[in-house]
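Okay, structure first, notes after.
The values are calculated or read from the model by the stated rules, or taken from the named source; none is laboratory data. Values in this document were obtained by computation on a predicted structure and should not be read as measured data. So basically every Cβ, Gly included, is an ideal-geometry build from the backbone, and we count neighbours across all protein chains shown. Ligands, DNA and RNA are excluded from the accessible area calculation, which covers all protein heavy atoms including side chains. Shrake-Rupley method; radii C 1.70, N 1.55, O 1.52, S 1.80 Å.
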Amino acid sequence: MSTGDMRGVIRLLTAVERTQEQERMFAIVRERCEKADARLREQGIDLEVSVARALEELVEGTPPSVDLCPAYTYAFHEAVAPHFSDTTDLGAWRRPSWFFALDSELARHGVPADIRPASFLFSGPPLRLPHPGDVVPQIGVLPAQRAGALAEAYEGVLNRLDREFTETAGRFAELMRFEAEEWETAQRLGRTDDTVFFWFC
């Protein structure tokens, strides 16, 4: 999980003519994508389209080479990383689908749909990308201004949740309480951090 200005990422990927600062950032993102390709090769993972090529296609606005490939999701992640804060490790879960059970438990106690896990953990990026084609990697986003409402709602039901869900719900409440305070500080300082970004790999 990390936090930052998603508008800056979208502007970088959709700019017709990049500014000098955008050119500098794009060089960083391109290098990150090349390193991602190297890591995937080391792991014996062969994608139909390289992450670096996927980035170029996203920026050029051309139709993707394939309709089903995780390279575009990796490329978007590498575009987000230099624009956002250092990552916070949320933990490890064997099945992302477990969060839908947590979602149902929170719904049972009246937590609104837009701040339950299924609505933001697997919402995808704010750009249309080819489907990754597998369970992971997955991208999720939550508007930073909703972090406070999430923390309050989860804290309010924590002692009524089934024991299986209390640790994870408590972890999200703690993190989002911190993010809510950070967002309020950012607003006072005139910063534009607007999105909490989630990455499952």
Filter region 135-154 down to residues that are within 19 Å of Ser85 (Cα to Cα) and open to solvent by 30 Å² or more (accessible area, probe 1.4 Å) and give me whichever is modelled with the lowest pLDDT. Gln138
Show me the helices (runs of 4 or more DSSP H) found entirely inside region 54-161 where at least 2 residues are among the aromatic types (Phe, Trp, Tyr). 71-80, 98-108
Search region 1-29 for residues that are closer than 20 Å to Ala186 by Cα and open to solvent by less than 10 Å² (accessible area, probe 1.4 Å) and pair each with any residue that is in a loop (DSSP other than H, G, I, E, B) and of a type in the set (A, V, I, L, M, F, W, C) when their beta-carbon atoms are under 9 Å apart and the residues are at least 6 apart or on different chains. Val9/Leu127
Reported set for region 100-114 where residues are open to solvent by 50 Å² or more (accessible area, probe 1.4 Å) and either among the basic types (Lys, Arg) or more than 28 Å from Asp193 (Cβ to Cβ) (or both) is Phe100, Ser104, Arg108, Gly110
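For (1) touching a helix residue (DSSP H, G or I) at 6+ places or on another chain (Cβ under 7 Å); (2) open to solvent by less than 70 Å² (accessible area, probe 1.4 Å); (3) at pLDDT 95 or above, each residue gets a yes or a no:
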residue	(1), (2), (3)
Val80	yes, yes, yes
Trp98	no, yes, no
Arg116	yes, yes, yes
Gly124	no, yes, no
Pro130	yes, yes, no
Of the residues in region 96-109, those that are of a type outside the set (A, V, I, L, M, F, W, C) and touching a residue at least 40 places away in the same chain (Cβ under 8 Å) number 3
Could we say that Ala92 is out of contact with any Leu (no Cβ under 7 Å at 6 or more places or on another chain), within 16 Å of Phe172 (Cβ to Cβ), at pLDDT 95 or above and small (Gly, Ala, Ser) here? no
